[in-house]
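Written below as structure tokens is the structure these notes are about.
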There are 2 protein chains.
Amino acid sequence: MGLIVQKYGGTSVADPEKIKNVARRVIKTKEEGNDLVVVVSAPGDMTDELIDLAYQITDSPPAREMDVLLATGEQRSIALLAMAICDQGHNAISFTGPQAGIITNGIHRKARIKNVQAERITRELSEGKIVIVAGFQGSTEDNAITTLSRGGSDTSAVAVAAGLRADICEIYTDVEGVYTADPRVVHDARKISSISYDEMLEMASLGARVLHARAVEYAKRFDVPIHVRSSFSESPGTMVAKEVEDMEGVVVRSVTHDKDQAKISIFGVPDRPGIAYRIFQAVGAAEINVDMIVQGVGKDGRAAISFTVSEADLRDALEIVQRVGKDIGATDIIADENIAMVSVVGIGMKSHCGVAAKMFGALAEEDINIQMISTSEIKISCVIDEKDTERAVRAVHSKFLLPNAE
Amino acid sequence: MGLIVQKYGGTSVADPEKIKNVARRVIKTKEEGNDLVVVVSAPGDMTDELIDLAYQITDSPPAREMDVLLATGEQRSIALLAMAICDQGHNAISFTGPQAGIITNGIHRKARIKNVQAERITRELSEGKIVIVAGFQGSTEDNAITTLSRGGSDTSAVAVAAGLRADICEIYTDVEGVYTADPRVVHDARKISSISYDEMLEMASLGARVLHARAVEYAKRFDVPIHVRSSFSESPGTMVAKEVEDMEGVVVRSVTHDKDQAKISIFGVPDRPGIAYRIFQAVGAAEINVDMIVQGVGKDGRAAISFTVSEADLRDALEIVQRVGKDIGATDIIADENIAMVSVVGIGMKSHCGVAAKMFGALAEEDINIQMISTSEIKISCVIDEKDTERAVRAVHSKFLLPNAE
């Protein structure tokens with residue numbers, strides 16, 4: 001008995017049979033006595049197909065029009081899911097992101113949700129309807145269609161849950177939950193039963209693809225508990241919620257890795273105030289997320305700055321850095337796509353020493369060179385050569401996370 | 001130098017190459033110094049594909065959700081066309097029907113446009129942009145997505161032109177204009193250079209598919225001149241406009257035929273007031289358009305009523321008539337899909353006698369039996385056996401419309 005928001009991804013609504021399955025699952029939850037809002041993504045590969053189509057028209061599709069095009073994907077899903085639910089004898093009504101009151105800023109293709117004006121959804125729920133909402137999209141106050149970053153349907157679901165003060169947001173996915181490492185790499189990785197927002201946030205930023213970082217951020221801000229679970233089974237997945245005391249008993253919650261990273265190094269940077277600002281202000285203005293930044297110690301008044309971005313952003317970032325680099329008198333700029341980031345995450349680190357040393361030790365034992373290091377209160381990340389990724393993840397996982405770990 | 005609304009149908013935007021062609025044509029008009037709004041349909045067969053998809057989910061898709069699904073078709077077209085125009089160096093912005101301010105009533109899948117709140121379009125035009133609008137769709141005042149009847153993009157274009165007080169509405173199609181008969185049936189049919197709203201309205205209702213009746217109705221009400229022309233050539237097509245005096249010189253403007261008709265006959269109907277009302281009130285309530293109604297003279301206090309509907313509506317209409325027929329004590333109900341309607345249209349008929357007799361004579365000479373007759377001030381229609389259609393059209397056309405016609 002509660003108000004539940006469920007989110008189903010693109011693979012769950014890829015074809016009519018799968019949509020009917022989702023409908024059955026949704027109806028089961030409804031029949032258990034819950035009010036229910038369902039957020040869905042575009043079917044299967046449709047978003048990629050639409051992007052391809054746009055590039056058959058032009059090499060530089062305007063972002064605003066791309067959003068108009070892409071938004072048709074989820075709109076297809078909501079209509080079909082509502083039909084499938086009605087066909088099974090329940091009352092459902094679909095809303096696009098704009099209709100559902102999902103208000104975003106105006107940065108097309110990477111819009112951020114400002115708030116959800118959920119009155120319309122509430123009205124339909126009070127009439128006993130199952131409400132279906134298009135994920136990944138919203139509208140500006142000026143009524144333009146926007147889409148969020150890729151994977152933004154998770155964020156839509158959490159934002160809708162926050163707007164409705166829902167009891168829980170269930171994210172259905174093709175894995176059983178959040179694991180101590182990617183099970184495809186580490187075969188004895190274990191499912192985590194509960195994890196704090198902060199840990200999940202770091203993991204999402206560091207390559208764990210099960211949940212989108214922005215969604216976790218939003219959930220943390222509005223204290224929306226998230227249940228990450230499999231759409232193919234009934235077993236409980238992973239609860240992502242506010243930190244509770246016993247969570248600190250575990251020093252390292254998980255090992256993550258991210259091969260979709262590239263490194264840009266800028267050499268001969270004048271060692272004076274304002275230089276880093278000029279570089280990263282320009283990169284940020286282009287809506288490119290910078291992950292790790294390391295500034296080496298300078299000599300002769302010159303320093304070296306390295307930072308990582310996702311591979312998809314490398315070309316744009318490099319162009320910007322080359323432009324800014326000329327202005328600031330950098331001597332050399334080098335890009336490297338063949339890197340990966342391996343990280344350990346855990347709020348227990350706050351109160352434990354020696355975690356970094358233990359991680360470096362695990363990599364050293366495998367003879368893996370560390371190119372960059374970055375730490376926060378609850379994570380340690382190392383940039384390494386991409387080809388060493390799997391060995392590194394396994395070594396670190398067995399050092400920290402196996403039952404018999406030291 | 002003016003404000004022009006252009007409408008391109010589904011075949012014109014069926015693939016990227018065709019969309020680029022439309023973009024070139026649009027830009028040419030813009031560069032001639034005009035302000036320009038372009039209304040487009042869904043690409044090619046997409047509407048049919050989406051309908052198929054819905055029926056893979058359910059046998060009875062709710063009309064509201066069908067509209068959400070179908071509206072994605074034109075939304076795809078507007079985004080791609082705007083991209084193509086931008087790619088060719090002009091500034092374009094797309095709007096869905098709801099965004100463009102096309103307000104309809106709430107009858108899903110057969111919505112009627114109430115008005116167009118064109119402020120937003122006007123604002124973009126004043127900034128020099130080419131505005132692209134999705135045809136066939138709008139929204140209710142309550143913000144639900146609606147679609148018009150099939151072919152409704154013509155109506156969207158005319159309604160937008162009316163809302164903007166545009167100088168002209170150009171409907172681009174795959175034929176050169178409006179002909180004196182279907183050129184595929186009558187090889188010496190001639191293009192009509194100008195025609196009155198009333199004639200075009202009758203022709204559209206009577207099977208001339210080049211323009212949608214509702215669009216002509218709307219154009220007449222708001223006095224929007226329509227130019228029907230080919231998207232593959234530069235030659236002028238047919239102007240549809242207010243009746244002017246010299247139009248009356250032509251007695252018969254064209255011969256139309258419609259095979260997509262079915263006949264329902266109800267026998268043994270009590271010959272008393274209110275019976276026709278009960279039948280057609282029920283049929284009308286189901287949003288089924290009735291074309292021709294003929295009530296035969298009764299005997300023994302019983303009459304026979306026959307009427308025609310489009311073949312697509314036959315099943316629904318028949319169900320209703322069988323239900324109502326039981327209530328009113330009809331003795332027999334017969335449906336016949338193998339009929340066609342052949343008509344002559346012309347405002348000159350108002351002031352000429354003998355047109356009907358001449359038409360019946362043409363059919364008699366070909367030994368074609370007439371099943372039903374219906375006349376108005378400017379048209380005469382005959383229902384005949386479907387297999388006689390082509391012969392009937394040719395006979396009537398040569399009687400009235402060839403240069404050497406009697």
- In sequence order, what are the phi-derived ³J(HN,Hα) couplings for the range B:203-211 according to the Karplus relation 6.51 cos²θ - 1.76 cosθ + 1.60 with θ = phi - 60°, rounded to whole Hz, with x for glycine and proline? 4, 5, 5, 9, x, 6, 8, 5, 9
- Taking each label point as 7 Å beyond Cα in the direction of the beta carbon, state the distances from B:ASN369 to the same residue in the other copies, shortest first, in nm. 9.6
- Counting only DSSP beta bridges with both residues in the protein assembly as shown, what percent are antiparallel, rounded to the nearest 5? 60 percent
- For helix A:152-164, report the angle its Cα long axis makes with the longest principal axis of the Cα atoms of chain A; keep it between 0 and 90° and round to the nearest 10°. 60 degrees
- Once label points are set 7 Å from the Cα along Cα→Cβ at both B:LYS350 and A:GLU337, what is their separation, rounded to one decimal in nm? 7.2 nm
- Query: By Cβ position, which chain A residue lies least far from the axis that rotates chain A onto chain B, and what is the distance to the nearest whole angstrom?
  - Reply: A:THR72, 2
- Task: Determine, from the Cβ-Cβ distance of A:ILE293 and B:GLU32 and an R0 of 56 Å, the FRET efficiency 1/(1 + (r/R0)^6), rounded to the nearest 0.05.
- Result: 0.55
- With each label point set 7 Å from Cα along the Cα-Cβ vector, what nm distance links B:GLN117 and B:ARG391? 5.8 nm
- Message: If you take every DSSP beta bridge fully contained in chain A, what fraction is antiparallel? Give it as a percent rounded to 5.
- Response: 60 percent
- Query: Comparing A:GLN88, A:GLN75, A:GLN99, which has the greatest mean-square fluctuation in the GNM of chain A with Cα pairs linked when under 10 Å apart?
  - Reply: A:GLN88
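Compute, for the protein assembly as shown, the length of the dipole vector about the Cα centre, with Cβ point charges of +1 (Lys, Arg) and -1 (Asp, Glu) only. Units Debye, rounded to 20. Can you show the working numbers first?
On the way: 88 positive and 118 negative charges, 232 e Å.
Roughly 1120 debye for the protein assembly as shown.
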- Item | Test item: Cα-centred dipole of chain A, Lys/Arg +1 and Asp/Glu -1 on Cβ, debye | 580 debye
- Teacher prompt: A:ARG120 distances to equivalent labels in other copies, 7 Å Cα→Cβ, nm: 1.2
- Item | For A:SER254, distant residues with modelled amide H under 5 Å away | A:VAL345
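Please identify every one of the GluC sites (Glu not before Pro) in the range A:31-97 that sits in a loop by DSSP and has no more than 14 other beta carbons within 10 Å of its own beta carbon. Please list the in-between numbers first.
On the way: sites: A:GLU31, A:GLU32, A:GLU49, A:GLU65, A:GLU74; in loops: A:GLU32.
Answer in residue order: A:GLU32.
Taking the Cα centre of the range B:331-406 as origin, sum charge times position over the Cβ atoms of Lys and Arg (+1) and Asp and Glu (-1), and report the length of that vector in debye to the nearest 20.
Values: 7 positive and 12 negative charges, 101 e Å.
With only Lys, Arg, Asp and Glu charged at Cβ, the dipole is about 480 debye.
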- Note on the structure: Partner shielding of B:50-61, as the mean number of partner chain Cβ atoms within 10 Å, equals 5
- Note on the structure: Rounded to the nearest 5, the percent of DSSP beta bridges in the range B:3-173 running antiparallel is 20 percent
- Message: Can you tell me the orientation of helix A:275-285 relative to chain A, as the angle in degrees between its alpha-carbon axis and the longest Cα principal axis, to the nearest 10?
- Response: 20 degrees
- Message: Just to be sure I understand the model, the point goes 7 Å from the Cα along the line to the Cβ. What's the resulting A:ARG278 to B:ALA276 distance in nm?
- Response: 8.7 nm
- In the range A:107-144, which GluC sites (Glu not before Pro) are in a loop and have at most 10 other Cβ atoms within 10 Å, using DSSP for the loop call? A:GLU127, A:GLU141
- Message: Taking the 0 to 90 degree range and rounding to the nearest ten, how far is the long axis of helix B:63-87 tilted relative to the main principal axis of chain B, both from C-alpha atoms?
- Response: 40 degrees
- What value, in deg cm²/dmol to 500, does the helix sum -39500 (n - 2.57) over DSSP H runs of n ≥ 4 give at 222 nm once divided by the residues of chain A? -11000 deg cm²/dmol
- Message: Rounded to whole Å, give me the distance from the Cα center of the range B:320-372 to that of the range A:120-141.
- Response: 50 Å
- Comparing B:GLY274, B:GLY89, B:GLY135 in a Gaussian network model of chain B (Cα, 10 Å), the one with the largest mean-square fluctuation is B:GLY274
- Note on the structure: For the range B:88-104, in residue order, the Karplus 3J(HN,Hα) values (coefficients 6.51, -1.76, 1.60; θ = phi - 60°; whole Hz; Gly and Pro = x) are 8, x, 10, 9, 10, 9, 9, 9, 5, x, x, 5, 6, x, 7, 9, 10
- So for R0 = 30 Å, FRET eff. of B:LYS326-B:ASP45 from the Cβ-Cβ r, to 0.05, ends up at 0.15
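For the pair B:PHE267 and A:SER60, what calculated FRET efficiency results from E = 1/(1 + (r/R0)^6), where r is the Cβ-Cβ distance and R0 = 51 Å, to the nearest 0.05?
Working: r = 68 Å, r/R0 = 1.33.
Result of the calculation: an efficiency of 0.15.
Under the definition of Cα pairs under 8 Å and six or more residues apart, what whole-number percent is the relative contact order of chain B? Kindly include the intermediate steps, with their values, before the conclusion.
Values: 899 pairs, mean separation 52.4, N = 406.
Rounded, it is 13 percent for chain B.
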- Task: Collect residues whose amide H, placed 1.01 Å from N in the peptide plane, falls under 5 Å from the amide H of B:SER94; neighbours closer than 5 in sequence don't count.
- Result: B:ILE132
- Query: How high is the relative contact order of the range B:255-400, in percent, counting Cα pairs under 8 Å that sit 6 or more residues apart?
  - Reply: 30 percent
- Query: Which distance in Å, rounded to a whole number, links the C-alpha centroids of the range A:15-57 and the range B:263-298?
  - Reply: 45 Å
- Note on the structure: Lys and Arg at +1, Asp and Glu at -1: neighbours of A:THR238 with Cβ under 13 Å from its Cβ sum to +1
- Return the single residue from A:GLU287, A:GLU311, A:GLU243 with maximal mean-square fluctuation; model: Gaussian network over chain A, springs between Cα atoms under 10 Å. A:GLU287
- Collect residues whose amide H, placed 1.01 Å from N in the peptide plane, falls under 5 Å from the amide H of B:VAL39; neighbours closer than 5 in sequence don't count. B:GLN6, B:LYS7, B:TYR8, B:VAL133
- How far is A:SER351 from the same spot in each other copy, in nm, shortest first, if each label point sits 7 Å from Cα toward Cβ? 10.2
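Since every read-out is calculated from the coordinates, none of them should be taken as a lab result. Only a predicted model underlies this, so the values are computations on that prediction, with no experimental measurement involved. So basically every Cβ, Gly included, is an ideal-geometry build from the backbone, and we count neighbours across all protein chains shown.
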